[in-house]
Each structure stands twice: as structure tokens, then as C-alpha cells.
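Student: Structure below; questions to follow.
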């Protein structure tokens, strides 16, 4: 039972992060390798807002989440907008450079020590007992619930929402979308904002559960295989991919070797790249040159 | 690839030998002579700190040259360069530790490991392109690092493997000056290998594969073979660099080969300028010396104590900023700046090139 809960929690973490990769890739064909750092930034923003809105934990959390949308949109407006039309490697490397920059700034502002936003907000983290003698911490449970909520909202938004439809159109064919009067820059900025929002949610909830250090982006790097296994341009794929990766990781750690934890996602990823490079649910695309 | 500077004022070649010559004009001969004299004289004027810097630059340039071959010329993206360096360093470390293998065994062994890994890293490139290839090399990087870490913990070297300095014919290589010459030689040799590979049929094939695979195949180029070839050559060179790195440091630890190192190597070829060997060298020097530059700049600031603990973070931040600036404002890199400078003086007092005829 405990093993099952662990799988669900880890899968939720990966899925929540993976949908950030998927959103940006689907809309603008850019792989955002700074996603982990943006996620970590969200967690640190809670620390900042916690001191600003002392005594109002919900306000502080809300403010941090809103700020993260702004940060994501700003990343597009001030940086990624200039990289549209450049070669794949340049765009990827810009996000990598952005990640390095964010990491450095975070250490400069908040120091490299482990921090606990839950304490700063005066929030407890009790352990809940479920049926079958399984334990789950409160914030992990919230994370699972948030994940379901986020995926539900994103599905609805992309299928029925006006801006969601615009995002899908921009992802399918930017030229045609622009000629039909869709403002591509707004759509892209929105995608970056939403992606950072989901990432920040994951980062904040993980930080509330177990604190935040500079090594958090590694988790996002491990969630990337989840996005790719499911298909980089498929939201449902992110969910399935996260489940596959999390199951493989938890079981292998439990039965084989804890040191494997860092490589399992990448082993699954390699297997997937050999069999079906475009992922389980992804659309087969003309893979482009450098 | 056109040459922006005319090498000679006209076409004076009368035989095939002259066509093959690397040095063609008197100016080139003189400047090369000056460069070599300076390189030989440097260790006798510079202190140990500068020597160490030079050695690091040489080591980095071997890696950067091989990555330039792979990414800049053959167009295959790799984010797993640190894994290959780690493979070379660990082959050396394991052989030196387990069977006390001498230098002349570990070096070829590292090259062999590189060849093997090059085949493995190269296999996905037959099926994947662009972004997906980058991701597959990234995954392989993590697997190599995992294997290294596994070895360290299982054998009880969790802090790292110590390696004795190599001895060549009874002469122990410990002196900084001796190291300088060894590494200078190694870097020069890799440069020569790259130059000669690129001006032969393999270089032309790689460029064709880079430009458009379908056309390359239609021209009768064995695309799969040349892709594997560039991966094999590049990774064996990188592994040799890893071997030299291990001996130079006298110590191998898996922590030294994280993803950041891979990114640094990619940054070298981006900052230096894609598709230019000179760019690889300039980029290697820039990225290697950059942290030291930042450190010395920080030392000039008045309240240095405030930043002393965070020097690492300052480096990180500055590196990110510089990388972004190059990517956004100078995609051609340092070589682009250099060429523009050359053109400025070549064309002076005019500003623009004539529309046709000048570019060859």
C-alpha cells in the first residue's frame, strides 16, 4: 500500500512538472530546460511573500503563484521572444543559460542553505493515515489533488477556452494562426505564464512538504523524460508518462538499488527514444535540423 | 565555409603540393613563428598560476575542438560531453588504481573507451535528429555518470580516486612546466587532426550531412557511416582529454563531471562561434578564464567580504548573463566579432563589401 502511495505521489510530482514542458513545447516548439529553475523560483517566491504577508498564509501562497505567472510571461517577453526563428540548439541553450542565471540569483538572494517555507508560513505538515495502513503527508496529498485539478483545468481550457483554442492553433501552424488574427506573442507569453504557474505549484507544494534547496531543479530534469515518454505535445501523455516513470523508479529503488533513482527516468527515456521517439501519444513530426 | 580573409592577393599555386600546404603566405609563416615562440617562451616568464590557467585552457580546447567537429561541422547536437570526459578520466583512474597501469596503457585504453562510447552515443543519431538527439545524449550522460558513481561507492572511493603522476621513460611528470608542454602538444595535435579531417573528404561529407541529409545521401555519401564516424572521432578525442585531465589533476571524482560541465562545453562552441575551429579555441579560453576574470573583478569592489562566500553564485549568474548575451546579440560568437574587425580593416576606408566577387 505504501509503495502504491509513493508511486502516486511521485507520479503527481512528475506529471505536474511535465505539463509545463508540454505546454511550452506544444505551443512554441521550444524545449524549456529552465523549467526546473523556474519551479524552484516559485518555491523561493513563497519565502519572499511569506515575510511580506506575515500571518496570512493563503494570501502569501496566492501572491507567489500570481508572481510566478508574471515571471513566466516576462521570460517570454524579454528573452525567448528574441529567440523565435533561431535554430533549435540556440533556443534550448538560451533556456539553459536562463536556468543558470536563475540558480545563481537564487543563491545570491536566499543563500544555498535548505529553507522551509512551511515554517515561514506557520503551516503544519501532519501525516495522514489512509486505508490499508498507508501514510501520506498532508502537502503530498494536496499535491496529488492539485495535480488532478490542474490537469482537469488545462484539458478544459485547451479544449473549450477561447485562448486555449488559440494556443492549439498556434501550436499546429503558427503562420496560419497569425493570419487568422491570433496574436502569437500573447499566446506564447500566455503559454510561458501557464507553464511557469504549473511548475511553481509543483515547486511550492514540494517545498511545503520537505523544504527547498538549490538541488530542486534535478527533480524537474527527471520529470522531463515523463513528458517525452508520453509525447512532448500531448497533455494526456504527460500524465501517462509520469505514471510509467514513477512506477519504474519507485519499484527499482525498492527492489534493486537506491542509487538507481537518478538514472531510471533516463533509461526509460532511452528505451522510448529507440522504439517511438515521438512518445506514446505524441504526433509524429518532421524532426528538424540543428 | 568561406574564408573571410584573403590568404594571398592572387592565385599563385603551380602544383598540388602548394594546394595542400597549410601555410601559404609569408605573413602566415611569420605570425605562426611568433605564436610558436610565444607559446614556448610563456612557461619561462609566467608564474605557476598562469601556467595552470594555460594548462586548463589547453585541456578545454581539446574537448571544445572535438565538440565543434561534432556539432559545429557535422550538425549533431550533444549534451553529453561531460559524460565522455568522465569516461576517459574514469578509465584512466580505474586502470591506474586497479592494475597500476602506466601512462602508455591508460591513454590508448581511454581512447578505446571513447570509441566504444562514441558508437553508443552515435547510434541514436541514425534515427533521431535535433532536439531528440540532444535529449538522448543527455540521457546517456546520466547513465555514464551513474556507472562512475556506482564504481566509486562499491569500491570505497566515495571521495574520489587518486592517481599517481604519469611517468614517461623514468621521467615523472609533476612539474608545471613539463605539463604545459605536454598539454600544448596534445592541443596542437588535436587541432591538426581537426584541420586535416575537415579539409579531406570526411570533412566535406560531414558538412553535407549537416546542410541537408537527403541531398547528402543522394550525392552518394554514406550518411549513417559518416555520422557514426564523427561521433567516434569526437568522443575518442574527448576521452583522451579526460585521461589527460585525470592525470593533470591527479584525482578523479564523479562530482566534477555534472551537467554543468556539458553545458560549459556547449557554451564554448556557441560563445566561440559555430562552425569554426578558431571559435572552439577562443570559446575554450573564454569559458575557462571567465570565472577567474569575475573573481579578479570582484576583488576590485570595495566591500568584497560581502560577496566572498557567494563567489560561486556570482560566477553562475555572470556566466548565465554572458551566455544569454552571446546567444541573443552575437550568435556568431567571438569569431563573428573577430571577422567583423578584420573586415573593417580590410575594407577601410569603405564600409561594405562589394556585392559579388569578394566572397570566395
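Read-outs: derived from the displayed coordinates by stated rules, not from any lab. Just so we're clear, the structure is a prediction, and the values are computed from it rather than from any experiment. Because the Cβ atoms are built from the backbone with ideal geometry, glycine has one as well, and the counts that use them run over all protein chains shown.
Student: FRET efficiency for residue B:22 and residue B:181, Cβ-Cβ distance as r, R0 = 25 Å, nearest 0.05?
Tutor: Numbers: r = 22 Å, r/R0 = 0.87.
That gives a FRET efficiency of 0.70.
Student: While we're on this one: Within 10 Å of each Cβ in peptide A:97-110, how many partner chain Cβ atoms are there on average? Round it to a whole number, please.
Tutor: 6
Student: Exposure proxy check: B:274, A:40 ranked by fewest other beta carbons within 10 Å?
Tutor: Working: B:274 23, A:40 29.
If I rank by nearby Cβ atoms, fewest first, I get B:274, A:40.
Student: Hey, got the average number of other protein chain Cβ atoms within 10 angstrom for residues in B:71-80? List each step's numbers first, then the result.
Tutor: Numbers: counts 2, 1, 0, 1, 4, 1, 7, 0, 5, 0.
Mean shielding count: 2.
Student: Once you put a point 7 Å from the Cα of residue A:66 and another 7 Å from the Cα of residue A:271, both along the Cβ direction, what distance in nm separates them?
Tutor: Result: 4.6 nm between the two label points.
Student: Moving on. Which of the peptides B:89-96, A:270-277, B:27-34 is most tightly packed, and how do the rest follow, going by the mean number of other Cβ atoms within 10 Å of each residue?
Tutor: Details: B:89-96: 25.5, A:270-277: 16.9, B:27-34: 11.5.
The packing order, highest mean first, is B:89-96, A:270-277, B:27-34.
Student: In degrees from 0 to 90, rounded to the nearest 10, what is the angle of the helix B:223-249 Cα long axis to the longest principal axis of chain B?
Tutor: The answer is roughly 50 degrees.
Student: Just to verify a number: FRET efficiency for residue B:347 and residue B:215, C-beta to C-beta distance, R0 = 41 Å, to 0.05? Intermediate values should be presented prior to the final figure.
Tutor: On the way: r = 34 Å, r/R0 = 0.83.
After rounding, the FRET efficiency stands at 0.75.
Student: Give me B:121, A:160 ranked fewest to most by other Cβ atoms within 10 Å of their Cβ, as a rough exposure proxy. Walk me through the numbers on the way to the answer.
Tutor: Working: B:121 29, A:160 9.
So the residues, fewest neighbours to most, are A:160, B:121.
Student: Now, a different point. Multiply the residue gap between residue A:175 and residue A:3 by 0.36 nm, knock off their C-alpha separation, and tell me the result in nm, one decimal place. Kindly include the intermediate steps, with their values, before the conclusion.
Tutor: Values: separation 172, 0.36 × 172 = 61.92 nm, distance 4.79 nm.
Result for the pair: 57.1 nm of gain on full extension.
Student: Say we join alpha carbon atoms closer than 10 Å with springs in a Gaussian network model of chain B; which of B:42, B:334, B:138 then has the biggest fluctuation?
Tutor: Result for chain B, Cα springs under 10 Å: B:42 fluctuates most.
Student: Mean-square fluctuation check for chain B, GNM, Cα pairs under 10 Å: which of B:301, B:229, B:22 is largest?
Tutor: Top of the fluctuation ranking is B:301.
Student: What ranking do B:64-70, A:26-32 get when scored by the average of other Cβ atoms within 10 Å per residue, highest first?
Tutor: Working: B:64-70: 29.4, A:26-32: 23.9.
Ranking, from highest mean packing down: B:64-70, A:26-32.
Student: How many nm separate the modelled label positions at residue B:105 and residue A:112, each set 7 Å beyond the Cα in the direction of the Cβ?
Tutor: Taking the two extended label points, one gets 3.8 nm.
Student: Right, another one. Report relative contact order for the range B:26-259 in percent, whole number only (criteria: Cα-Cα under 8 Å, sequence separation at least 6). Could you put the intermediate results ahead of the total?
Tutor: Working: 305 pairs, mean separation 95.0, N = 234.
Relative contact order of the range B:26-259: 41 percent.
Student: Could you work out [θ]222 nm for chain B from helices alone, using -39500 (n - 2.57) per DSSP H run of at least four and dividing by all its residues? Round to the nearest 500 deg cm²/dmol. Don't jump to the answer; show the numbers that get you there.
Tutor: Numbers: 15 runs with 252 residues, N = 360.
My calculation for chain B gives -23500 deg cm²/dmol from helical runs alone.
Student: I've got another one for you. Please work out whether chain A counts as rounded, prolate or oblate from its C-alpha gyration tensor, where a ≥ b ≥ c are the square roots of the eigenvalues and a/c under 1.5 means rounded, while otherwise a/b larger than b/c means prolate and anything else oblate?
Tutor: Values: a/c = 1.61, a/b = 1.22, b/c = 1.33.
Here chain A falls in the oblate category.
Student: Using alpha-carbon positions, what is the distance between the centroids of the range A:255-270 and the range B:51-94, in Å?
Tutor: Centre-to-centre (Cα) distance: 26 Å.
Student: Rank A:161, A:193, A:20 by mean-square fluctuation in a GNM of chain A with C-alpha springs under 10 angstrom and give only the top-ranked residue.
Tutor: With Cα springs under 10 Å in chain A, the top fluctuation among A:161, A:193, A:20 is at A:161.
Student: Rg (Å, one decimal) plus Dmax (Å, integer) for the alpha carbons of the range A:155-218?
Tutor: Values for the range A:155-218 (Cα only, Rg and Dmax): 15.8, 48 Å.
Student: Let me ask something additional. In which sequence would B:239, B:200 go, from the one with the fewest C-beta neighbours within 10 Å to the one with the most? All intermediate terms of the calculation are to be shown ahead of the outcome.
Tutor: Numbers: B:239 32, B:200 10.
Neighbour counts put them in this order, fewest first: B:200, B:239.
Student: How would the range A:1-113 be classified by its alpha-carbon gyration tensor: rounded, prolate or oblate, with rounded meaning a/c under 1.5 and the a/b versus b/c comparison settling the rest? Spell out each step's value before the answer.
Tutor: Details: a/c = 1.90, a/b = 1.23, b/c = 1.55.
Verdict is oblate for the range A:1-113.
Student: I've got another one for you. For the pair residue B:34 and residue B:249, what calculated FRET efficiency results from E = 1/(1 + (r/R0)^6), where r is the Cβ-Cβ distance and R0 = 41 Å, to the nearest 0.05?
Tutor: Working: r = 32 Å, r/R0 = 0.77.
The formula returns an efficiency of 0.85 here.
Student: Given points 7 Å out from each Cα along the Cα-Cβ axis, report the residue B:13 to residue B:295 separation in nanometres with one decimal.
Tutor: Label at residue B:13, label at residue B:295, 4.6 nm between them.
Student: Add -39500 (n - 2.57) for each DSSP H run of 4 or more in chain A, then divide by its residues: what number comes out at 222 nm, to the nearest 500 deg cm²/dmol? Spell out each step's value before the answer.
Tutor: Numbers: 12 runs with 208 residues, N = 290.
The per-residue figure over chain A is -24000 deg cm²/dmol.
Student: For the Cα atoms of chain B, what angle does the longest principal axis make with the long axis of helix B:259-272, in degrees from 0 to 90, nearest 10?
Tutor: Result, in degrees: 20.
Student: Counting only other chains, and only Cβ atoms inside 10 Å, what mean value do you get across the residues of B:314-323?
Tutor: If you average over the peptide's residues, the count of other-chain Cβ atoms is 6.
Student: For chain B, take the longest principal axis of its alpha carbons; what is the angle in degrees between that and the long axis of helix B:26-45, to the nearest 10 within 0 to 90?
Tutor: 20
Student: Right, here's the next one. Looking at the square roots a ≥ b ≥ c of the eigenvalues of the Cα gyration tensor of the range B:90-155, which shape do they give, rounded for a/c under 1.5, prolate if a/b is larger than b/c, or oblate?
Tutor: Details: a/c = 4.52, a/b = 1.80, b/c = 2.50.
Taking the square roots of the gyration eigenvalues as a ≥ b ≥ c, the range B:90-155 is oblate.
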